[in-house]
1. Could you list, ordered by first residue, the pairs with Cβ atoms under 9 Å in which the first is in the range 160-180 and closer than 17 Å to Ala125 by Cβ and the second is part of a loop (DSSP other than H, G, I, E, B) and of a type in the set (A, V, I, L, M, F, W, C), at least 6 apart or interchain?
2. Mind listing just one residue for me: the one in the range 113-149 that is under 19 Å from Gln189 (Cβ atoms) and open to solvent by 60 Å² or more (accessible area, probe 1.4 Å) and, of those, modelled with the lowest pLDDT?
3. Counting only residues that are in contact with a Pro (Cβ under 6 Å, 6 or more places away or on another chain) and among the basic types (Lys, Arg), how many does the range 136-181 have?
4. Any residue at all in the range 111-122 that is free of Cβ contacts under 8 Å to residues at least 24 places away in the same chain, under 18 Å from the mean Cα position of the chain (by Cα) and assigned to a loop (DSSP other than H, G, I, E, B)?
5. Given (1) under 24 Å from Pro200 (Cβ atoms); (2) modelled with pLDDT under 95; (3) open to solvent by 60 Å² or more (accessible area, probe 1.4 Å); (4) not aliphatic (A, V, I, L, M), identify the lone condition not met by Gly184.
6. Return the residues of the range 192-204 that are touching a residue at least 12 places away in the same chain (Cβ under 8 Å) and surrounded by fewer than 18 Cβ atoms within 10 Å (Cβ to Cβ); say none if nothing qualifies.
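The values are calculated or read from the model by the stated rules, or taken from the named source; none is laboratory data. The structure presented is a predicted model; accordingly, all values stated were derived computationally and were not measured. Ideal geometry is used to build each Cβ from the backbone, glycine not excepted, and the neighbour counts take in all protein chains shown. The protein model used for the area step is the full one, side chains on, heavy atoms only, and it has no ligands, DNA or RNA in it. Shrake-Rupley method; radii C 1.70, N 1.55, O 1.52, S 1.80 Å.
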Amino acid sequence: MRRPLRLALIAGVAALAVGGVGVTAALMDLPQDAVPAQDPPQDPPSEPAPAGDPAPEQPVPVTPPGGADAIASAVAAVQQAVTPDDEAETAEEEAEEEEVVVAAPPEPEGPPGLRQRRRYAIVQAMDKVTAETMRFEVEVNGRPVAFNKTLIFRARACEVSASDEIARDAVAYLEISAQPRAGGQETRQLFRGWMFASSPGLSGLQHPVYDAWVVGCRA
């Protein structure tokens, strides 16, 4: 009698465990309401350069040894020493110096830097009808977030610029779908692709009621 009872208890515990996993997966797939988020972190401001010694108000004359007479004598000696051949060579050298030489850009040292991935994408959405605007976070490959109980946001990646890139930017791969408030209708996808924080109009959500764009990324 004890063995069948023990087998029944084991079977019941296993059924509860499997049911709990299914419930957890279902809850993770349900969107959570958007919560206002803070602005993405910015680079620390650069410190101003220390002030140097002020320049003199009047130019300071510099007189070489010997005075003006020594300067005149040196100029006359140089003029007498210059021959016609020397003048021709000087003219050729000046013509060569006037030629514009375009140097090739230096090759980068080492491989280019890799973009750094972040855990959260910071998104800003707006309802054009009610003028409601909210900035919120969407976890990458995490639980979806609902704005105004209609727009559903899912983030698949969020990256920031590498250290060797000139322009600082943040890009995120988002999936945006519309969830109807009334039952009986299916959710339809509105956007799927990369969004750029520096160029919101380059690749963004096109919808008659809503606007959405990426603001930045957060670790």
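1. These pairs meet every condition: Ala170/Ala197; Ala172/Ala197; Leu174/Leu205; Ile176/Leu205.
2. Filtering first and then ranking leaves Lys149.
3. Within the range 136-181, residues that are in contact with a Pro (Cβ under 6 Å, 6 or more places away or on another chain) and among the basic types (Lys, Arg) number 1.
4. Scanning the range 111-122, I find no residue that is free of Cβ contacts under 8 Å to residues at least 24 places away in the same chain, under 18 Å from the mean Cα position of the chain (by Cα) and assigned to a loop (DSSP other than H, G, I, E, B), so the answer is no.
5. Result: Gly184 fails condition (1) only.
6. If the condition is that a residue be touching a residue at least 12 places away in the same chain (Cβ under 8 Å) and surrounded by fewer than 18 Cβ atoms within 10 Å (Cβ to Cβ), then Arg192, Gly193, Trp194, Phe196, Ser198, Pro200 are the ones that fit.
Residue-wise test of (1) surrounded by 12 or more Cβ atoms within 10 Å (Cβ to Cβ); (2) under 23 Å from the mean Cα position of the chain (by Cα).
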position	(1), (2)
Leu151	yes, no
Ala157	yes, yes
Trp213	yes, yes
Ala219	no, yes
